[in-house]
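Contents: one structure, followed by commentary.
The values are calculated or read from the model by the stated rules, or taken from the named source; none is laboratory data. Values in this document were obtained by computation on a predicted structure and should not be read as measured data. Because the Cβ atoms are built from the backbone with ideal geometry, glycine has one as well, and the counts that use them run over all protein chains shown. To get the accessible areas, we keep the full protein, side chains included, count just its heavy atoms, and leave off ligands, DNA and RNA. Shrake-Rupley method; radii C 1.70, N 1.55, O 1.52, S 1.80 Å.
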Amino acid sequence: MNPKEGEATMAVRSSSGLRWVWFAAAALAVTATVQLYALSISPPDQGMGHLQKIMYVHVPTAWSAFLAFGTVFVCSALYLFTKREKYDMLAVSAAEVGVILTAVTLVLGSIWAKPTWGVWWTWDPRLTTTAILLVIYGGYLALRSFVEEDERRARWSAAVGILAFINVPIVYMSVRWWRTIHQVQSSPSTVDSSYILGLRLNALAVLAVMICFIVLRYRAGMLERAAEARLEEAALVKGEVSV
Amino acid sequence: VSEWNYVVAAYGVTWIALLGYMAYVAKRYVRAEAAHRAGQGGER
């Protein structure tokens, strides 16, 4: 067994089969349940009416995207220190999930903006910095497809994964640092008490979905690397590849 | 346009994205595991 296959196999040996697929499915089922619960208990907002209910998906996806990008940052730093490929794979897995969640956040924000602001999109600081965040992490994923050599791809990606995180606190604070039409950060201290429970439950449910997605993507990636390594080893044994 | 149309659109977009990504990653995982067990290659 070559070292590349060894680490990949060890990383996925702790659990086998479709366990994480079922975990992810369960997390999605819980998310659907808490969404229905939150929708059923939340009264219409005085200003926005039933549009307030978009908050239960818009805010949790934004929070989870931030956490996913935080994971990219931590795993990228760990990769640079340790050179262990599992951190590289965790970073790309978290980046992919973060990009999906950020794209959803932007679309949901646009759907919410039209009836409240009268436009689908405006170059508001919060919206603009979030769009930049999506482009940066989209670039991170694109970079990986451009670099063929494993170690170089991981090293460059780690550098980008660390630098890209600078934009996350900028997005978060943009509603306070600049004049914006976006409301301040939604949290239990800034929303009406009748919405807090629904917001917290939905945040936890989307967080569980995010974790399951990252683990599932990570395990798929590590298994693919192990299978590739095994294939390379088999080719070497057959003498099909010269070294 | 009713407020509810926007709410339904928002939840619809969310679920299309979540279920779409779930299908993508679960399919990739199942294929990778099968390839690994069979000793064959997978995609990067």
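Points to keep in mind about this one:
- Members of the range A:153-178 found to be open to solvent by 90 Å² or more (accessible area, probe 1.4 Å), more than 13 Å from A:Phe69 (Cα to Cα) and free of Cβ contacts under 8 Å to residues at least 12 places away in the same chain, listed by number: A:Arg176
- For the range A:30-48, the candidate set comprises residues that are of a type in the set (Val, Ile, Thr) and open to solvent by 50 Å² or more (accessible area, probe 1.4 Å); within that set, the residue that is farthest from the other protein chains (Cβ to nearest Cβ) is A:Ile41.
- Residues being open to solvent by less than 40 Å² (accessible area, probe 1.4 Å), more than 28 Å from the chain's Cα centre (by Cα) and closer than 28 Å to A:Cys75 by Cα - total across the range A:197-243: 0
- Output for the range A:79-127, where each listed residue is among the polar types (S, T, N, Q) and in contact (Cβ under 8 Å) with a residue 12 or more places away in the chain: A:Ser93, A:Thr102, A:Thr105, A:Thr116, A:Thr122
- Hits in the range A:129-152 (condition: within 17 Å of A:Phe66 (Cβ to Cβ) and open to solvent by less than 40 Å² (accessible area, probe 1.4 Å)): A:Thr129, A:Thr130, A:Ala131, A:Leu133, A:Tyr137, A:Gly138, A:Tyr140
- Subset tally (residues that are open to solvent by 20 Å² or more (accessible area, probe 1.4 Å) and either at the interface with chain A (Cβ under 7 Å from one of its Cβ atoms) or outside any helix (DSSP H, G or I) (or both)) for the range B:1-20: 9
- Residues that are open to solvent by less than 40 Å² (accessible area, probe 1.4 Å) and either of a type in the set (Lys, Arg) or more than 7 Å from chain A (Cβ to nearest Cβ) (or both) within the range B:21-40 comprise just one, B:Arg28.
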